[in-house]
Structures are given as C-alpha cells and as structure tokens.
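The structure appears right after this line, and notes come after that.
The values are calculated or read from the model by the stated rules, or taken from the named source; none is laboratory data. Everything numeric in this text was worked out from a predicted model, so none of it was measured. Note that each Cβ is placed from the backbone with ideal geometry, even for glycine, and that neighbours are counted across all protein chains shown. Just the protein is used for accessible areas: all its heavy atoms, side chains included, with ligands, DNA and RNA removed. Shrake-Rupley method; radii C 1.70, N 1.55, O 1.52, S 1.80 Å.
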Amino acid sequence: MVVEAYPHRPTVSFELMPPRRPEAAPNFWETAQRLVAARPDFVSVTYGAGGGDRATSREVLATLLRGTPVLPVAHLTCVGASREDVSEVIDEFLEAGVRSFLALRGDPPRDEPDWRPSPDGVRSSVDLVRLLTQVDQRRVAADASAALRAATRPLTIAVATFPDGNPGAGTTRDQEVRRLLEKQQAGASFAITQFFYRAESYTGFVEAARSAGVTIPILAGILPTTEARRLRRVQELTGVVAPAGLLRDLDGLTAPDGAVDAEAQHEHGIQYSAALAREVLDAGAPGVHVYTFNKHRPALDLLERVGLSGRAAA
C-alpha cells in the first residue's frame, strides 16, 4: 500500500465509550489497548447523558492517565444538571489529573417531551466552556500546586460542531457556524465535527466558519461505514442520514445462503470511509477523529487504508 503524502502531519484520535456493564469491561479494555498502541494524539472518553456513567468514565480516564502515554479527553455534559453539580464534576476530573475536556450540552431526556432546562442549570455548551474555565481559575487561585499544574499543562477545551446542522436541535449549517464562533469566543481550543458522509459537508462548513471569523482548528469526525445495521442505528440516534446508495450497496453484500457477508461489508465500508477521510485531509483537515463504537478493527483498518497507521504522536 502506498502511504499518502499530506502537506501536514495529520492528527489521529479516537472516541471510546466506557463499558456500561461489568461483563463488557474485558472487551472494552482490549479495544482500548489496541487503539492506544496505534499512538493516537488523544482519546476522548464519553460521558453519558445526565452523568449516568460518571464513575466509570472517571475510572477509564484515570487508568489512561496512569497507564498509557495517550492524552485522555473527558466528555462533559451539562443538560439537566445544576451549576453546582456540574462544578463538582469538573472538580473531580481536575483532581484526577484530567486537563482536557470535550464540552457538550448533551441530549434532553427522551421520555420528557416537554422538558426544559433548570433555571439554575448550565444551559448550553457555551456556558459549560465558561464554567470549565472559571472552575480551573478558582482552583489555580486557591492552590499553588494547581497553579503550577495549570502552567505546565494548560486547560484544553474541545467542542462539538455539526457541519450539516444539528438535526436534534433543528439548527442549520449557518446557525452552527455562528454557534461555533460563540464557543470560540467563550474559550474553546478546537472543535470536533459530527460524522458526515460527503466531503463537502466538512469543506463547505470549514469555509463558512473561516469566513465568519472562526480560527480554531476544526477536526473531521469520521465513522467507519462497515455495517449497514449500525449506520441505521446511528441515524436513529443522531438524525444524520446515511446515503441511500451506501446502504443499498452494503445490504447487497450477502453470502450464498442470503446471510449478511460481514467481511464484504467491512471491506466496502472501509473503502468508502477511507476515501472520505483522504478527501478531507487533502483539502486541509488537521486530522481525523474516529468514532469507534468500541470496535478497534474498523478504526485501525481505516487508518491503515488512509496511510495514517503509526503516524500519530507518541
């Protein structure tokens, strides 16, 4: 395989979801070890809506900090939580040594159609970016050791952005551009996009964002498209619609007995997502952030096909 030559050295990062059940932990840690061995620039660790897996997320982050050279980035959501509760969670993560966060509003409760945020809550990711900075500054002012740690490892705050608009929030691309500018002004360090299926989704969004004054790096989120079933599931969860042609092609890959040919789907999906990743990297994307769904093979095969295996930071 010919390794692609890029005008810059792209970053590589992965998203991991902490195991929700004890019996899932061994498979999770095998996946984590394999992904860490690929030497990513960072690994983001999700944090369930309402903080349902708060303790597990903190444990995963602490283990990555202690036992690996990888930079862990803690997802942090604020929907449905008071300012006091969110501040407490931030304190816990900072005390554990976490200095990098992905600030997210999070999803409202699905079983409460009339849900409204609490008046004393953190109402948006913009507010959360500001609160992260405020809590860190408070700790720095109160503790010389915390001040030294902050000096050597500055707080890094990533934010999410939606290049085709956010179906869940009913926003358009232009509204997402304006929202990203607000997040930058609040103190965001860089952005990670929701996954997309067309290169123009990313390149068009970046062009619009730069024209609006966004200067922070915008990292391309890539989903390995190796399973039609998963693409339909994430479409239900996110509202991001998979191309009908891609689904049709994947569905058509069956064994002689009519069952799904998982290997053929995997190969087709890797070809599709690798071509997408190469196109946005060639257009200037600073790197790729792979949504792994705790599966290491598609993520690592994607990197290999793109020519990024072993090229992430040590």
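Observations
- Over the chain, DSSP H runs of length four or greater, each weighted -39,500 (n - 2.57), average out per residue to a 222 nm ellipticity of -15000 deg cm²/dmol.
- Accessible heavy-atom area order of 309, 57, 82, highest first, probe of 1.4 Å: 309, 82, 57
- Rounded to 10°, Cα long-axis angle of helix 296-306 versus longest principal axis of the chain: 70
- Between 39, 138, 99, the GNM of the chain built on Cα springs shorter than 10 angstrom shows 138 fluctuating the most.
- Euclidean distance between Cα centres, the stretch 144-161 to the stretch 162-218, Å: 24
- Among beta bridges from DSSP that stay inside the chain, the antiparallel ones total about 5%.
- A 1.4 Å probe run over the chain, with the rest of the protein chains in place, finds 48 Å² accessible per residue.
- Volume of the convex hull of the stretch 133-227 (Cα atoms only), normalised per residue: 130 Å³.
- Working from label points 7 Å from Cα in the Cα-to-Cβ sense, the residue 29 to residue 84 distance is 3.7 nm.
- Crossing angle, helix 173-186 versus the chain [Cα axis fit, 0-90 degrees, rounded to tens]: 40
- Each of 213, 44, 61 was scored by the projection of its Cα onto the charge dipole of the chain, and the greatest displacement toward the positive side belongs to 213; charges sit on the C-beta of Lys, Arg, Asp and Glu.
- Residue of 74, 62, 274 that the Gaussian network model of the chain assigns the largest fluctuation, springs spanning Cα pairs under 10 Å: 62
- Whole-Hz Karplus values for the stretch 91-96 come out as 4, 4, 5, 4, 5, 6 Hz, taken residue by residue from phi with 6.51 cos²θ - 1.76 cosθ + 1.60 and θ = phi - 60°; glycine and proline positions read x.
- For residue 149, neighbours were defined as the other residues whose beta-carbon sits under 13 Å from its Cβ, and their charges (Lys and Arg +1, Asp and Glu -1) total 0.
- [x] 5, 16, 21, 20, 14, 8, 6, 5, 3, 1, 1, 0; [y] 6, 25, 35, 25, 7, 1, 0; [z] 6, 25, 33, 24, 10, 2, 0, with the label sought being that of the calculated P(r) over Cα pairs in 10 Å bins from 0, in percent: [y]
- With every protein chain in place, the chain: carbon and sulfur % of accessible area (1.4 Å): 50
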